[in-house]
Amino acid sequence: MKVAVEMVRERLISREEAILRVEPAQVDQLLHTRIDPSAKVEVLATGLAASPGAAYGKAVFDADRAEAMAKAGEKVIMVRIETNPDDVHGMIAAEGVLTSRGGRTSHAAVVARGMGKPCVAGAETVLVDLQNRRFTAGGKTVYEGEEFTIDGSTGRVIAGKVPTIQPELSGDLEQILRWADGVRRLQVWANGDYPRDAELARGFGAQGIGLCRTEHMFMEQARLPIVQAMILASSTEERKRQLDKLLPFQRGDFYGILKAMAGLPVVIRLIDPPLHEFLPSFEDLLVEVTQAETRGDPEGSFADKRTMLAAVRSIREQNPMLGLRGCRLGLLFPEIIEMQVRAIMEAAVQLTKEGVDVHPEIMIPLVGAIEELRRTKGYLQKTVDAVLEEAGIKVPYKFGTMIELPRAALIAGEIATEAEFFSFGTNDLTQTTFGFSRDDAEGKIIIPYVEQKILPSNPFETLDRGGVGRLMNIAVIEGRQTRPDLTVGICGEHGGDPASIAICEKLNLNYVSCSPYRVPVARLAAAHARLAARDADR
């Protein structure tokens with residue numbers, strides 16, 4: 001990078017040549033801690049490189065203990081079979097995360113990437129024993145409190161503490177990125193769920209927030225009991241009472257994000273996952289209740305867990321990713337998304353009164369039929385109108401949708417009659433196009449497929465041009481035929497992958513959105529894609 005910048009200053013090469021001489025992967029290396037290449041390491045296992053960077057710390061097997069040990073000044077790596085919303089506070093406290101299940105779009109991977117923390121997921125040869133607080137891999141057992149290292153850039157799980165090299169950002173990187181910004185056509189936005197994410201993204205040069213996942217705000221410890229009470233409510237009135245308690249939290253979150261991104265668009269996705277994700281694990285509850293019954297514990301000592309078990313049993317699904325979630329959830333329980341939209345617009349009104357320029361864009365997820373979008377939008381429009389009328393001011397806003405089902409891509413012209421923007425959720429679009437489970441298929445199917453050249457690459461890592469890309473192309477063309485000014489972006493994990501960004505350039509998307517830490521990578525990759533497209537046009 002330094003050589004490229006110096007050669008431009010000496011007029012030996014052009015700025016465009018300098019941009020092309022620096023690979024996006026090299027920028028990624030500069031942004032994350034890495035293993036010292038001279039260090040001798042003992043690799044215990046290899047999983048999926050789910051979130052880049054290296055970290056070492058003491059093994060910890062639950063979120064509460066991870067948080068307590070971190071507060072005491074210890075470095076910890078949280079080890080789980082797979083993570084869920086209950087684990088988020090532990091992930092925040094930990095240096096990194098290791099899971100034996102899941103893929104690059106699993107809960108652990110997505111949350112870790114958003115935090116900029118290393119994560120190795122789907123390390124299936126790592127046998128995690130939560131009850132005895134230990135894991136076994138490579139013939140070695142690591143007990144809680146013992147140190148080990150993970151390398152989220154390569155997927156390695158390494159014995160002991162390994163020397164690392166801290167990232168060093170130089171003026172040369174900033175110079176290359178400024179030149180890249182002058183070349184690229186694609187805008188680079190960021191995925192961010194909290195005000196701190198928005199501030200970080202803007203610092204890295206993001207031009208908007210392409211995905212704010214509102215359900216992540218529900219996962220914080222102070223809110224999760226309210227969310228669970230809302231889910232367990234026996235009547236609409238009781239559910240609304242709990243939602244009234246959540247409203248100030250959500251309004252505060254949106255206020256912070258919109259303020260941090262003043263003058264720039266913020267796409268806020270309404271609640272998407274199935275409700276059972278906010279409740280304890282069915283299997284864990286079943287074991288606890290069964291053990292209590294077997295021991296003959298007093299009925300009152302585990303009555304709450306029995307009640308929770310019954311509730312989880314009643315809403316669990318065989319295939320929740322294709323079940324009651326997204327707009328389907330909003331249509332059956334409209335009071336939930338009504339609260340969210342009220343919180344968005346009240347935050348926007350407050351900031352507008354304070355002189356802050358805000359641009360909220362409300363995204364309705366998992367639309368597969370035009371009537372789903374039409375009814376949801378019509379219901380929410382009443383809430384928007386009521387908030388703005390009460391405030392007596394105008395705030396610019398948009399309603400749009402996430403294209404994450406093949407049917408949505410195929411009827412995009414129809415959907416564009418109601419949607420002012422599209423955002424491709426390529427994690428789910430890849431899952432539903434291939435019929436691969438995004439949580440299970442990578443380790444069991446996709447890696448062997450890539451090794452045996454059945455697939456050219458992991459479709460959850462790099463966009464599948466022939467299938468998923470073709471659906472995206474249909475959606476872009478037919479959507480803009482209906483609405484010529486339709487804004488189209490991508491907010492799946494592919495938004496930070498250089499090869500996928502090149503496809504987005506060819507599809508004529510308006511922007512790509514990725515985790516804040518990958519914004520510099522995407523800025524350079526978008527310039528590479530533009531220069532390649534220019535050469536092809538010649």
Please indicate, with yes or no, whether at least one residue in the stretch 231-239 is part of a helix (DSSP H, G or I), buried (at least 23 other Cβ atoms within 10 Å of the Cβ) and at pLDDT below 90.
no
Could you list, in sequence order, all residues of the stretch 491-515 that are of a type in the set (A, V, I, L, M, F, W, C), at pLDDT 95 or above and in a loop (DSSP other than H, G, I, E, B)?
L507, L509
Neighbours by Cβ (under 7 Å, 6+ apart or cross-chain): first from the stretch 154-181, buried (at least 16 other Cβ atoms within 10 Å of the Cβ); second outside any helix (DSSP H, G or I) and among the charged types (D, E, K, R):
I158/E42; I158/D151; A159/E42; A159/K140; T164/R34; T164/D36
I'd like the full set of residues that are under 18 Å from F278 (Cα atoms) and more than 23 Å from the chain's Cα centre (by Cα), limited to the stretch 335-377.
E335
Those residues of the stretch 291-315 which are outside any helix (DSSP H, G or I) and at pLDDT 85 or above, in sequence order:
G296, D297, P298
Quick check on A45: is it in the same structural domain as T105 (by TED's automatic domain parsing), farther than 22 Å from I165 by Cβ and not in a helix (DSSP H, G or I)?
yes
Quick test for you: out of E372, E354, pick the one residue that is surrounded by 21 or more Cβ atoms within 10 Å (Cβ to Cβ), charged (D, E, K, R) and not assigned by TED's automatic domain parsing to the domain that holds E293.
E372
May I ask you to say which residue of V76, V88 is within 30 Å of I226 (Cα to Cα), buried (at least 21 other Cβ atoms within 10 Å of the Cβ) and of a type in the set (V, I, T)?
V76
Residue among A190, A198 that alone is at pLDDT 95 or above, of a type outside the set (K, R), buried (at least 16 other Cβ atoms within 10 Å of the Cβ) and over 22 Å from R34 (Cα atoms)
A190
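For every residue, the table says whether it meets (1) within 20 Å of F204 (Cβ to Cβ); (2) part of a helix (DSSP H, G or I).
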position: E6; (1), (2): no, yes
position: I13; (1), (2): no, no
position: Q26; (1), (2): yes, yes
position: A59; (1), (2): no, no
position: M69; (1), (2): no, yes
position: V88; (1), (2): no, yes
Complete set of residues in the stretch 212-222 that are crowded, with 17+ Cβ neighbours inside 10 Å and either among the aromatic types (F, W, Y) or part of a loop (DSSP other than H, G, I, E, B) (or both):
F218
Limited to the stretch 314-348, what total is found for residues that are β-branched (V, I, T) and under 19 Å from A198 (Cβ atoms)?
1
Hey, among A55, A70, which residue is surrounded by 16 or more Cβ atoms within 10 Å (Cβ to Cβ), more than 22 Å from A522 (Cβ to Cβ), in contact with a helix residue (DSSP H, G or I) (Cβ under 6 Å, 6 or more places away or on another chain) and assigned by TED's automatic domain parsing to the domain that holds G160?
A70
Consider the stretch 447-500. How many of its residues are crowded, with 23+ Cβ neighbours inside 10 Å, closer than 14 Å to T105 by Cβ and of a type in the set (V, I, T)?
2
Picking from L507, L524, which residue would you name as being touching a residue at least 12 places away in the same chain (Cβ under 8 Å), buried (at least 24 other Cβ atoms within 10 Å of the Cβ) and touching a helix residue (DSSP H, G or I) at 6+ places or on another chain (Cβ under 9 Å)?
L524
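Residues are listed down the side, and each one gets a yes or a no for (1) among the aliphatic types (A, V, I, L, M); (2) assigned to a helix (DSSP H, G or I):
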{"position": "M321", "(1), (2)": "yes, yes"}
{"position": "L324", "(1), (2)": "yes, no"}
{"position": "L351", "(1), (2)": "yes, yes"}
{"position": "G355", "(1), (2)": "no, no"}
{"position": "M363", "(1), (2)": "yes, no"}
{"position": "R374", "(1), (2)": "no, yes"}
{"position": "Y379", "(1), (2)": "no, yes"}
{"position": "T383", "(1), (2)": "no, yes"}
Mind checking which residues of the stretch 248-275 are surrounded by 16 or more Cβ atoms within 10 Å (Cβ to Cβ) and either assigned to a helix (DSSP H, G or I) or free of Cβ contacts under 8 Å to residues at least 12 places away in the same chain (or both)?
F249, Q250, R251, D253, F254, Y255, G256, I257, L258, K259, A260, L275
Strands (runs of 3 or more DSSP E) fully within the stretch 142-195 counting 3 or more residues that are more than 14 Å from A525 (Cβ to Cβ), among the aliphatic types (A, V, I, L, M) and touching a Lys or Arg at 6+ places or on another chain (Cβ under 6 Å)
none
Residue hits (the stretch 409-461; within 25 Å of L507 (Cβ to Cβ), of a type in the set (A, V, I, L, M, F, W, C) and either assigned to a loop (DSSP other than H, G, I, E, B) or out of contact with any helix residue (DSSP H, G or I) (no Cβ under 7 Å at 6 or more places or on another chain) (or both)) are I411, A416, A419, F421, F434, F436, A441, I446, V450, L455, F460
Could you tell me whether G103 is touching a strand residue (DSSP E or B) at 6+ places or on another chain (Cβ under 7 Å), closer than 21 Å to E215 by Cα and without any contact (Cβ under 8 Å) to a residue 40 or more places away in the chain?
no
Just to verify a result, which residue in the stretch 111-141, among those that are crowded, with 23+ Cβ neighbours inside 10 Å and β-branched (V, I, T), is nearest to the chain's Cα centre (by Cα)?
V111
Mind checking which pairs have a first residue in the stretch 466-490 that is in a helix (DSSP H, G or I) and a second that is of a type in the set (S, T, Y), Cβ under 7 Å, 6 or more apart or different chains?
V468/T426; V468/T430; V468/T433; L471/T433; T482/T417
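The values are calculated or read from the model by the stated rules, or taken from the named source; none is laboratory data. Predicted model, so just to flag it, every value in this text is computed and none were measured. Using ideal geometry, Cβ is built from the backbone for each residue, glycine included, and neighbour counts are taken over all protein chains shown.
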